[in-house]
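First the structure, in the form of structure tokens, and then the observations on it.
The values are calculated or read from the model by the stated rules, or taken from the named source; none is laboratory data. Quick caveat, the model's predicted, so the values are computed rather than measured. A quick note on method: Cβ atoms are made from the backbone with ideal geometry, for glycine too, and the neighbour counts reach across all protein chains shown.
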Amino acid sequence: MASLRSDLWCMAFVRRHNDMGNMCVVARRGDPIAGQVFIEVDHLDGTRSLYTPAPTISRGDEAGPVFQRRFQRVEPGKVRERIEREIDFDPDLWVLSIDQRSDDLDIDLVREPKP
């Protein structure tokens, strides 16, 4: 099954979250066809989380984008630093920025290993 274009997926994500009352913007535009998507969440309490594309091997049979939580409620500088390093490596990536107090973005996440 063919994947959805990055630009279409990003625009749908932004629209859906803005309609739900969360401020969501495209902070960085990437390749419209196949750019990787990073989601930066400002929890409005001085912390941020970062969701990045999951490794292909851990996605299973999912047809759409699958994410992994890279950072959860950390200082903003740590998230920005990680995004900047990724941009240096892959200048075609997208960055979506959302202001949301909760952790539920309504996206497909890989299962986190149990401790």
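All but one of (1) under 20 Å from residue 108 (Cβ atoms); (2) buried (at least 16 other Cβ atoms within 10 Å of the Cβ); (3) basic (Lys, Arg) hold for residue 5; state the number of the condition that does not hold.
Unmet condition: (2).
What is the number of the single condition among (1) within 25 Å of residue 111 (Cβ to Cβ); (2) without any contact (Cβ under 8 Å) to a residue 40 or more places away in the chain; (3) aliphatic (A, V, I, L, M); (4) part of a helix (DSSP H, G or I) that residue 11 does not meet?
(1)
Could you go through the stretch 14-24 and let me know if any residue there is touching an Asp or Glu at 6+ places or on another chain (Cβ under 8 Å), part of a loop (DSSP other than H, G, I, E, B) and surrounded by 12 or more Cβ atoms within 10 Å (Cβ to Cβ).
yes
Between 88, 92, 103, 61, which is at pLDDT 95 or above and assigned to a loop (DSSP other than H, G, I, E, B)?
After ruling out the rest, the residue left standing is 92.
Pick from 48, 29, 101: which is among the basic types (Lys, Arg) and touching a residue at least 60 places away in the same chain (Cβ under 8 Å)?
29
How about the stretch 70-107: which of its residues are among the aliphatic types (A, V, I, L, M), more than 10 Å from residue 48 (Cβ to Cβ) and surrounded by fewer than 17 Cβ atoms within 10 Å (Cβ to Cβ)?
87, 107
Give me a count of the residues in the stretch 33-47 that are of a type in the set (Val, Ile, Thr) and in a loop (DSSP other than H, G, I, E, B).
So the count comes out to 2.
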